[in-house]
Structures are given as C-alpha cells and as structure tokens.
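Okay, so here's the structure we're looking at.
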Amino acid sequence: MSAAYCRAAPGHPVHAAYHDLEYGFPSSDEQVLFERLVLEINQAGLSWLTILNKRAAFRVAYLDFDVDRVADFGAGDISRLLGDAGIVRNRLKIEAAIDNARRIQELRKSHGSFAPWLDVHHPRAVEEWSKLFRRTFRFTGGQIVNEFLMSLGYLPGAHEPDCPAYARISALSPPWMRTAANGLVIDK
C-alpha cells in the first residue's frame, strides 16, 4: 500500500475497517500472522480490494487460518480449494499456504511460534527480510514480504503520521517504532 491508502481508505465500504483497525497494527497471534501471510501471497497480481472482498471465503476455505488444520491438508483439500470460486484458485498459492503452515509448525519447535521467530530476526532491511523469507517460506517475494511486515508493524510506512490510525498504532509501540526509538534505522 502507499501513503495514498490513508486518504482513500477511510469511509470506503471495504478498505476502511482494514485500514483503521488492522493495517500496521502489531499482532503476535499465530492465526492473524498466518492469515496475513496467506492473504498477501494471494494478493500477488491482484488488487487488495479483491482480496478483502474474498476474505470471508478465505477464512472458510482455510479453516479460520488454523495452522495445524491447514498443515494437514492433502490432495483432496487442494482439489477442493482449486474448485472454490470464493478464493484465488491458483495451485502455487494454495500449495504455498499449506507448505507455509507446515513451516510455521517447524518454527514452533525452534522459536515457540511465528511471532517469536519474527521478533528474533527484527530489525532487518527489506532485502534481508526477503532473503530470510525465501529461505523459510514459499511464494514470498520482496513485495509480499514488505507488505506482510508493514501490515504487522515490523516495517514503517503503513500510515502517514497525520493519519488517525498512526496515533493508535503508536500507542501500541510496534516493532519498527521501538527500533527507531533505540536509534536503529530500517531501510524500507
């Protein structure tokens, strides 16, 4: 997204709630993190509006983004998802979601969960994050990683400083803001 999102989203029937209540807000909830990763992957080549319009269907199709249940998906589930007109029916993206759920399970063994894994690698420049994500997850190019991390407060830029959401996010001390407060600089 861009700074223009802060001007366009408020009052929009679909974008407003995401902009005002989620985008840029930190979360350590594994389901939230997994959902955001799956949605960002599926957004590749499409508009964010398309993904937000399909979000409810994604939640049903991916069982509320329960990592363990998605990690157990097999060939029958892939066929079901490829036939689900409510979501993005792209085999590579579907298989990436399943494989990424399995990789999050592995992160539990090494770091306790997805959020501690993110935290132990923070701060990094986008290029470094992208390399790390490519080594760890599937279908995670630079733009996907950038938006994923920005959407969860690991990178700055989700909102302009004069946006009301910026003040609410600041009160939560997102990771990028703690980094800046400690004098560290994150290249976007």
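The values are calculated or read from the model by the stated rules, or taken from the named source; none is laboratory data. This one's a predicted model, so the numbers in the text were calculated from it and none came from an experiment. Virtual Cβ from ideal backbone geometry, glycine too; neighbours counted across all protein chains shown.
The rows are residues; the columns are (1) surrounded by 20 or more Cβ atoms within 10 Å (Cβ to Cβ); (2) modelled with pLDDT of 95 or more; (3) assigned to a helix (DSSP H, G or I).
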{"residue": "I87", "(1), (2), (3)": "yes, yes, no"}
{"residue": "R102", "(1), (2), (3)": "no, yes, yes"}
{"residue": "L132", "(1), (2), (3)": "no, yes, yes"}
{"residue": "F139", "(1), (2), (3)": "yes, yes, no"}
{"residue": "G153", "(1), (2), (3)": "yes, yes, no"}
{"residue": "D187", "(1), (2), (3)": "no, no, no"}
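Can you name every residue in segment 1-52 that is of a type in the set (D, E) and farther than 15 Å from E147 by Cα? Result: D20, D29, E30. For segment 58-77, which positions are assigned to a loop (DSSP other than H, G, I, E, B) and not acidic (D, E)? The answer is Y62, F73, G74. The set of residues in segment 9-43 that are buried (at least 20 other Cβ atoms within 10 Å of the Cβ) and either of a type in the set (A, V, I, L, M) or out of contact with any helix residue (DSSP H, G or I) (no Cβ under 9 Å at 6 or more places or on another chain) (or both) comprises A9, L33, L37, V38, L39, I41.
With respect to the conditions (1) touching a helix residue (DSSP H, G or I) at 6+ places or on another chain (Cβ under 9 Å); (2) surrounded by fewer than 17 Cβ atoms within 10 Å (Cβ to Cβ); (3) at pLDDT below 95; (4) hydrophobic (A, V, I, L, M, F, W, C), V126 falls short on a single one, namely (2). Residues of segment 33-48 that are free of Cβ contacts under 8 Å to residues at least 40 places away in the same chain and outside any loop (DSSP other than H, G, I, E, B): E35, L39. Of all residues in segment 44-70, which are among the charged types (D, E, K, R) and buried (at least 18 other Cβ atoms within 10 Å of the Cβ)? Selection gives K54 alone.
In the set (1) in a helix (DSSP H, G or I); (2) touching a His at 6+ places or on another chain (Cβ under 7 Å); (3) on the phi > 0 side of the Ramachandran plot, C6 fails one condition alone, (3).
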